[in-house]
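Engineer: What follows is a single structure, and I will ask about it in a moment.
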Amino acid sequence: MTLRTSLNDYKRHREDDRKFPGELRSTTGVFAGDGDRLVHVDDDGSLQDYSYPLSGLSGIDSSRFGVGDGWFDGGASQRYHDDTGVVETVHEQGDWQVRQQDLTVGRTHVTRFELVGDAPEAVDLNAYVRFAPDGREGQTSLLVHDGAVEAYHRREHDYVGASTDFDAYGQIPERFDELVADDPVEFPRTADEERYEDTVLTGGAHLTAPFENGSVTLVTLVAERGETARADALSTVESAASEYDDTETLVAAARDQREWRVPETAPHRETVVDDLRVVSLLSAENGARIAGPDFDPFYVSSGGYGYTWFRDDAEISRFLLEGSEVLGVDLDGWHQRSAEFYRRTQLDDGSWPHRVWPGDETLAPGWANARLEDGDDTDYQADQSGSVAGFLATYLRTDDPEDPEAIEATIEAAVDSLDDTLEADGLPVACQNAWENMQGRFVHTAATFLHAYAAVARAPVSTDLRDHARAQADRVADGLDRLWTGEFYALREHEGELDERLDSGSLALPAAMREYAEITDLDDETVDRLVTHVETTLDGLEHESDAIRGLVRFEGDDWRQHGQGNEKVWTVSTAWGANAAAELGSLLDACDDARADDAYRRSRDLLAEILPGGSLVRDCGYLPEQLFDDGTADSATPLGWPHALRLATVAHLDEADELAVAAAEPAE
């Protein structure tokens, strides 16, 4: 996303009360991706690369398509073809249609257009594509080859070609006076004043290509100088344009590139497919995952999303690990890549940095890197290291890693780091919270420590390490007493006082307590407190409007309200609530506690809001991070964390024989 694109969006949406102007939102449309390229296909058929965090390549900055003299204007129906990555978009043209099919294969993206119905016999495809090689919108240039147009800056060279002979004309970017004008510029266009070089010193081109036998295929390729020779790039574009000229070939290629298979008998199979597809789209080739498509690279109203947070990533890893075996999905390759990624990125003190670029694992921009600076731990997110340690310990115990000794060494160093940030009273030090907007001693951070220590105490590591982790788990469990308000666990202790707000992050406690229960017997008071806390938190954070129902993030959350006047519902909080209730149900079930039935019921009730047909899920299966009360999706879409939570909750309830109970329950 270039500044020009951001300014145009700002001009279009500066008065909108449901869109933050200047962002490149993905709350409509569907993604196609493979390897380190991620391409958004909006509901007007336009393409936009979200690939930079994964590959370091910017690709398509903006685009537009149409037929004849018209342009597709949005609102088209979209779906994935079965359980593949082929995106199908149908543009209505009166009594005929244009069916658009998109598939990403490596760094090549294929877009096939097919006329359906009583279409005109002679019609051209109109295509406007603007690249931003090396993220630049200046100092770029075009080369028009026989069969493709090349846009380049220095390192990055991008290509667009078609399966039929086409005409290409360079597009002059916005002039300075147009950038500061009130109205956005519409492309393609013909400028009134044009210098000789204007249509060459640009990254944008307008192509017209005729349909032949009712179809035409457009191909884009992002490449690097020194890695892909120009002749090879041109050959790739030409081959793809001719090869992917029918649905069968596209679908076959999509099936070949998919690593996972979901059994036909899997519960909620459609949802499981959606979740695995989303996690695949957000994953780099090394296994690291961006939190979500980076809709805000200029930090207009957020800190960006196209990075790997070790909290989100490790939680996703653990949920996939827990759910994949139950669902009969082989994700061993994913688990192994995740473990190796965590090993490579661990800091010398055993912790992990705030966030990294997933493609090359280098340090990414962030605000919680105290362990890399001379600052104190208030600008460190200790829960991230707890989440990674918990996953690695569970992976070592339940799977068959290639190098268990190396993983044990990583766990041991991580435990040292956790020890260093655990105070004598059993609570972690004052640090940043999971939501990254406060400092203090948080119940969520304590839950991740408890989970990690308990998981290590169960893992096949040295006896000394297991015994130490067991003792540390006991300390954290005792330390939680400091946060007990008499009815629930407080959000945090801050400057010696309890912040007695409800926080969905505290819903990490049931899973942590259940892990802890595997190494010790929980007393009745601890169990009763947990039940009361979960019930109070779910009741207190639930929010319902005419359009949606779910959990808000925490009491008093004013982020991205945009004039709404109250907290927004978050899918990760809602999914966390469903998962926490399921974990609580299983913990109570193991104690023959009759309250398990109500916990399972609460889990199914919240899960319904994020399953197909639920109020928080898009028709394509995506879970956006947040929603306004009128149902408008906002922020990162799709977000990987709630998708992994949803998958794990479906698996958990199915394993407990509680998933099918919903069908027998009377409607309220």
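Engineer: Condition check: modelled with pLDDT of 95 or more, more than 21 Å from Thr247 (Cα to Cα) and buried (at least 21 other Cβ atoms within 10 Å of the Cβ). Does Val129 satisfy that?
Structural biologist: Spelling it out, Val129 is indeed modelled with pLDDT of 95 or more, more than 21 Å from Thr247 (Cα to Cα) and buried (at least 21 other Cβ atoms within 10 Å of the Cβ).
Engineer: All but one of (1) farther than 23 Å from Gly147 by Cα; (2) under 33 Å from the mean Cα position of the chain (by Cα) hold for Glu194; state the number of the condition that does not hold.
Structural biologist: (2)
Engineer: Pairs under 8 Å by beta carbon, first residue free of Cβ contacts under 8 Å to residues at least 12 places away in the same chain in the range 638-656, partner β-branched (Val, Ile, Thr) and part of a helix (DSSP H, G or I), six or more apart or different chains?
Structural biologist: Final answer for the pair search is none.
Engineer: Same structure again: Scan the range 35-72 residue by residue and report those that are in contact with a helix residue (DSSP H, G or I) (Cβ under 6 Å, 6 or more places away or on another chain), surrounded by fewer than 24 Cβ atoms within 10 Å (Cβ to Cβ) and not polar (S, T, N, Q).
Structural biologist: Residue satisfying the conditions is Asp36 alone.
Engineer: In the range 208-247, what residues are touching a Ser or Thr at 6+ places or on another chain (Cβ under 7 Å) and surrounded by fewer than 18 Cβ atoms within 10 Å (Cβ to Cβ)?
Structural biologist: Those that are touching a Ser or Thr at 6+ places or on another chain (Cβ under 7 Å) and surrounded by fewer than 18 Cβ atoms within 10 Å (Cβ to Cβ): Pro210, Glu212, Ser242, Glu243.
Engineer: Let me ask something else about it. Could you list, ordered by first residue, the pairs with Cβ atoms under 9 Å in which the first is in the range 423-449 and not assigned by TED's automatic domain parsing to the domain that holds Ser302 and the second is among the acidic types (Asp, Glu) and modelled with pLDDT under 95, at least 6 apart or interchain?
Structural biologist: Going by the 9 Å Cβ cut-off, there are no qualifying pairs.
Engineer: Let me ask another. State whether the residues of the range 234-245 include one that is closer than 30 Å to Ala511 by Cβ and without any contact (Cβ under 8 Å) to a residue 60 or more places away in the chain. It would help to see each step written out before you state the result.
Structural biologist: Narrowing the range 234-245 to residues closer than 30 Å to Ala511 by Cβ: none.
No, because not a single residue in the range 234-245 is closer than 30 Å to Ala511 by Cβ and without any contact (Cβ under 8 Å) to a residue 60 or more places away in the chain.
Engineer: Looking at the range 106-161, what strands (runs of 3 or more DSSP E) fall wholly within it and have at least 1 residues that are under 14 Å from Leu218 (Cα atoms)?
Structural biologist: 108-117, 124-131, 148-152
Engineer: Further question on the same structure: Looking only at the range 182-215, which residues are part of a loop (DSSP other than H, G, I, E, B), touching a residue at least 24 places away in the same chain (Cβ under 8 Å) and not charged (D, E, K, R)?
Structural biologist: Pro184, Val185, Phe187, Pro188, Thr199, Val200, Leu201, Thr202, Gly203, Phe211, Gly214
Engineer: Restricting to the range 132-185, name every residue that is surrounded by 15 or more Cβ atoms within 10 Å (Cβ to Cβ), of a type in the set (Asp, Glu) and over 28 Å from Asp232 (Cα atoms).
Structural biologist: The answer is Glu174, Glu178.
Engineer: Name every residue in the range 295-313 that is more than 20 Å from Ala434 (Cβ to Cβ) and under 10 Å from the mean Cα position of the chain (by Cα), in order of residue number.
Structural biologist: Once the filter is applied, which keeps residues that are more than 20 Å from Ala434 (Cβ to Cβ) and under 10 Å from the mean Cα position of the chain (by Cα), the range 295-313 yields nothing.
Engineer: Which condition number does Ala406 fail, the rest of (1) of a type in the set (Gly, Ala, Ser); (2) farther than 18 Å from Tyr516 by Cβ; (3) not in a helix (DSSP H, G or I) being met?
Structural biologist: Failed condition: (3).
Engineer: Can you name every residue in the range 507-517 that is part of a helix (DSSP H, G or I) and either of a type in the set (Asp, Glu) or farther than 21 Å from Gln381 by Cβ (or both)?
Structural biologist: Correct list: Pro510, Met513, Arg514, Glu515, Tyr516.
Engineer: Need pairs with beta-carbon distance below 9 Å; first residue in the same structural domain as Trp309 (by TED's automatic domain parsing) and assigned to a loop (DSSP other than H, G, I, E, B) and within the range 329-342, second surrounded by fewer than 24 Cβ atoms within 10 Å (Cβ to Cβ) and hydroxyl-bearing (Ser, Thr, Tyr); sequence gap 6+ or separate chains.
Structural biologist: Every condition considered, the pairs that remain are Asp330/Ser324; Leu331/Ser324.
Engineer: Same structure again: Tell me the residue from Thr84, Thr89 that is in the same structural domain as Leu234 (by TED's automatic domain parsing), part of a strand (DSSP E or B) and farther than 21 Å from Val185 by Cα, please.
Structural biologist: The unique qualifying residue is Thr89.
Engineer: If I ask for residues that are farther than 18 Å from Phe554 by Cβ and assigned to a helix (DSSP H, G or I), which ones from the range 481-506 would you list?
Structural biologist: Asp481, Arg482
Engineer: Going residue by residue through the range 268-277, is there one that turns out to be at positive phi, modelled with pLDDT under 95 and assigned to a loop (DSSP other than H, G, I, E, B)?
Structural biologist: For the range 268-277, residues at positive phi, modelled with pLDDT under 95 and assigned to a loop (DSSP other than H, G, I, E, B): absent.
Engineer: Which residues, counting only those in the range 67-119, are among the aromatic types (Phe, Trp, Tyr) and over 25 Å from Glu270 (Cβ atoms)?
Structural biologist: Scanning the range 67-119 gives Trp71, Phe72, Trp96, Phe113.
Engineer: Restrict the check to the range 148-170 and report whether at least one residue is in contact with an Asp or Glu (Cβ under 6 Å, 6 or more places away or on another chain), modelled with pLDDT of 95 or more and over 30 Å from Gly226 (Cβ atoms).
Structural biologist: Yes, the range 148-170 contains at least one residue that is in contact with an Asp or Glu (Cβ under 6 Å, 6 or more places away or on another chain), modelled with pLDDT of 95 or more and over 30 Å from Gly226 (Cβ atoms).
Engineer: Does any residue in the range 459-483 that is crowded, with 18+ Cβ neighbours inside 10 Å come within less than 9 Å, Cβ to Cβ, of a residue that is in a helix (DSSP H, G or I) and modelled with pLDDT under 95 six or more places away or on a different chain, and which pairs are these?
Structural biologist: none
Engineer: May I pose another question? Condition test on Ala511, is it under 20 Å from Val572 (Cα atoms) and either surrounded by 17 or more Cβ atoms within 10 Å (Cβ to Cβ) or not aliphatic (A, V, I, L, M) (or both)?
Structural biologist: The answer is yes for Ala511.
Engineer: Among the residues in the range 228-235, are any in a loop (DSSP other than H, G, I, E, B), in the same structural domain as Arg136 (by TED's automatic domain parsing) and not acidic (Asp, Glu)?
Structural biologist: yes
Engineer: Out of Ser351, Ser324, Ser317, report the one residue that is of a type in the set (Ser, Thr, Tyr), in a loop (DSSP other than H, G, I, E, B) and either at positive phi or at pLDDT 95 or above (or both).
Structural biologist: The conditions single out Ser351.
Engineer: Between Asp523, Asp558, Asp528, Asp539, which is surrounded by fewer than 18 Cβ atoms within 10 Å (Cβ to Cβ), without any contact (Cβ under 8 Å) to a residue 24 or more places away in the chain and either in contact with a helix residue (DSSP H, G or I) (Cβ under 8 Å, 6 or more places away or on another chain) or closer than 20 Å to Glu609 by Cβ (or both)?
Structural biologist: Asp539
Engineer: Right, next: For Glu373, which of the numbered conditions (1) more than 28 Å from Val39 (Cα to Cα); (2) within 18 Å of the chain's Cα centre (by Cα); (3) free of Cβ contacts under 8 Å to residues at least 12 places away in the same chain fails to hold?
Structural biologist: Among (1) more than 28 Å from Val39 (Cα to Cα); (2) within 18 Å of the chain's Cα centre (by Cα); (3) free of Cβ contacts under 8 Å to residues at least 12 places away in the same chain, the lone unmet condition for Glu373 is (2).
Engineer: Suppose we filter the range 286-310 for residues that are over 27 Å from Tyr10 (Cβ atoms) and out of contact with any Asp or Glu (no Cβ under 6 Å at 6 or more places or on another chain); how many remain?
Structural biologist: Counting residues in the range 286-310 that are over 27 Å from Tyr10 (Cβ atoms) and out of contact with any Asp or Glu (no Cβ under 6 Å at 6 or more places or on another chain) gives 6.
Engineer: Shifting gears a bit: Of all residues in the range 354-403, count the ones that are in a helix (DSSP H, G or I) and not basic (Lys, Arg).
Structural biologist: 21
Engineer: I'm trying to understand the selection: among the residues of the range 576-604, which are in contact with an Asp or Glu (Cβ under 9 Å, 6 or more places away or on another chain) and under 28 Å from Thr28 (Cβ atoms)?
Structural biologist: Across the range 576-604, the qualifying residues are Gly577, Ala578.
The values are calculated or read from the model by the stated rules, or taken from the named source; none is laboratory data. These numbers were taken from a predicted model, which means no experiment stands behind them. When we count neighbours, we look across all protein chains shown, and the Cβ atoms used for this are built from the backbone with ideal geometry, even at glycine.
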